[in-house]
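For reference, the structure discussed in these notes is given below.
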Amino acid sequence: MQKSLIITIGRQFGSGGHEIGEKLAKKLGIKFYDKELIKLIAKQSGLCEKVLESYDEKPTNSLLYSIVMDIYPSVMYTGPTIDQQIYQANYDTIRRLADGEPCVIVGRCADYILRDHPELVSVFVHANSDFRAARIAEEYKLPDAKVRDMLVKTDKKRANYYNFQSEKQWGAASSYNLCIESSEVGIDGAVDLIMDYINYKKKAKG
C-alpha cells in the first residue's frame, strides 16, 4: 500500500509555523494537527488532557511527575515514568496518523518519529526576532520586553525537548528537508515554497 504524504513543521516561536501549516493543509485539502493532537492523544491513550498540555513540547518536568504520583500513588511502582508514557502516547498517535490519510503535523518531534516514512516532507520555519516579536505582541497584546522573554524561553523549551527526544538538533538545516525564513518570504510565500518542494519531489520520483 502506498504511503500518504505527511508534512511536518518545526518552528521558532512567532515565526508563523502554525499559520503556514494550516494554510498548507487547506490548500492541499488534507487534515491539520497542532494543539488538536493533544485531544487525540488523550482520547487514544487514556492519559489526562491537562497533564498532556502541561508536558506539551517541554523537557522532562520532575514537578509534574511528583504531582501525578501524589494523585496516583504506588509505592512499589517500577514502570515507565509519566514523561515516558506521554512520549510513547505521542509517538503511537503520530505513527497511527501517518499510517492513515495525508496530513500536516506541527511540532511534537513528528519529523523524527516519522523519519523512516517514504512520503515525509519535513520543514523548519524560522524568522528574525523583530518579525517574531511583532507577531507575538499582536497576538497576545504584550509589551516588547515580555515578548522577547517569551521568544527566548519558548524556543529553549522546544529545543531542549526535541534534542532530548531525538538524535537530531532542533533548527539545524541537516535535520530537515527544507528550512524557510518566513520573515523574508512571508507566510503565503512559505506555503508556496513548500508546495513547490512537494511538486518537485513528486516530479523527480516520476
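Tell me, what is the 1.4 Å probe accessible area of R148, in Å² to the nearest 10?
Accessible area, nearest 10 Å²: 80 Å².
For the residue pair K58 and E101, what label-to-label distance in nm results when each label sits 7 Å from Cα along the Cα-to-beta-carbon direction?
Distance between label points: 3.4 nm.
How much length is gained if the chain between K43 and A173 is pulled fully straight, taking 0.36 nm per residue apart and subtracting their Cα-Cα distance, in nm to one decimal?
43.4 nm
So what's the back-of-envelope 222 nm ellipticity for the chain, counting only DSSP H runs of four-plus at -39500 (n - 2.57) apiece and dividing by all residues, rounded to 500?
My calculation for the chain gives -18000 deg cm²/dmol from helical runs alone.
Using just the Cα positions, wrap the stretch 118-182 in a convex hull and report its mean projected area in square nanometres, one decimal place.
Dividing the Cα hull surface by four gives the mean projection, 5.2 nm².
How many lysine pairs does the stretch 80-206 hold where the Cα atoms are under 20 Å apart and the two sit 8 or more places apart or on different chains? The partial results should precede the final answer.
On the way: K141/K153; K146/K156; K146/K157; K156/K168; K157/K168.
Lysine pairs, 8 or more places apart or on different chains, close enough: 5.
Given q = 0.10, 0.18, 0.19 Å⁻¹, what are the Debye log10 I(q)/I(0) values for the stretch 83-200, with equal point scatterers placed on the Cα positions and solvent ignored?
-0.37, -1.10, -1.18
Taking amide H positions as placed 1.01 Å from N in the peptide plane, with prolines and chain starts having none, which residues 5 or more places from F32, or on another chain, fall under 5 Å of its amide H?
The list, which skips near neighbours in sequence, is V104.
For the chain, take the longest principal axis of its alpha carbons; what is the angle in degrees between that and the long axis of helix 36-45, to the nearest 10 within 0 to 90?
The helix 36-45 is inclined about 40 degrees to the chain.
Roughly how much of M195 is accessible, in Å² to the nearest 10, using a 1.4 Å probe?
Answer for M195: close to 30 Å² accessible.
Over the chain, average the accessible area per residue using a 1.4 Å probe and give it in Å², no decimals.
55 Å²
For the stretch 145-187, just the Cα atoms, rotate onto the principal axes and tell me the three extents in Å, largest first.
For the stretch 145-187, the Cα extents along the three principal axes come out at 34, 27, 12 Å.
Take the solvent-accessible surface of the protein heavy atoms, probe 1.4 Å, and return the percent of it on the stretch 91-206 that carbon and sulfur atoms account for.
50 percent
Which Cα, out of S182, A137, T93, lies furthest along the positive dipole direction of the chain (beta carbon charges, K/R +1, D/E -1)?
The Cα lying farthest towards the positive end belongs to T93.
Quick check: with the 1.4 Å probe, what order do Y87, Y140 take by accessible area, largest first? If you can, show how the numbers build up before the last one.
Details: Y87 40, Y140 105 Å².
Order by accessible area, largest first: Y140, Y87.
Let me have the relative contact order for the chain, percent, based on Cα pairs under 8 Å that are six or more residues apart.
35 percent
Roughly how tilted is helix 17-28, in degrees to the nearest 10 and between 0 and 90, from the longest Cα axis of the chain?
60 degrees
Need one number for the chain: average projected area of the convex hull over its C-alpha atoms, nm².
13.0 nm²
What is the Cα convex hull volume of the stretch 1-49 when expressed per residue in Å³?
Taking only Cα atoms, the stretch 1-49 has a hull volume of 107 Å³ per residue.
The values are calculated or read from the model by the stated rules, or taken from the named source; none is laboratory data. What you see is a predicted model, and the numbers here were worked out from it, not measured in a lab. Quick reminder, even Gly has a Cβ in these numbers, built from the backbone with ideal geometry, and neighbours come from all protein chains shown. The protein model used for the area step is the full one, side chains on, heavy atoms only, and it has no ligands, DNA or RNA in it. Shrake-Rupley method; radii C 1.70, N 1.55, O 1.52, S 1.80 Å.
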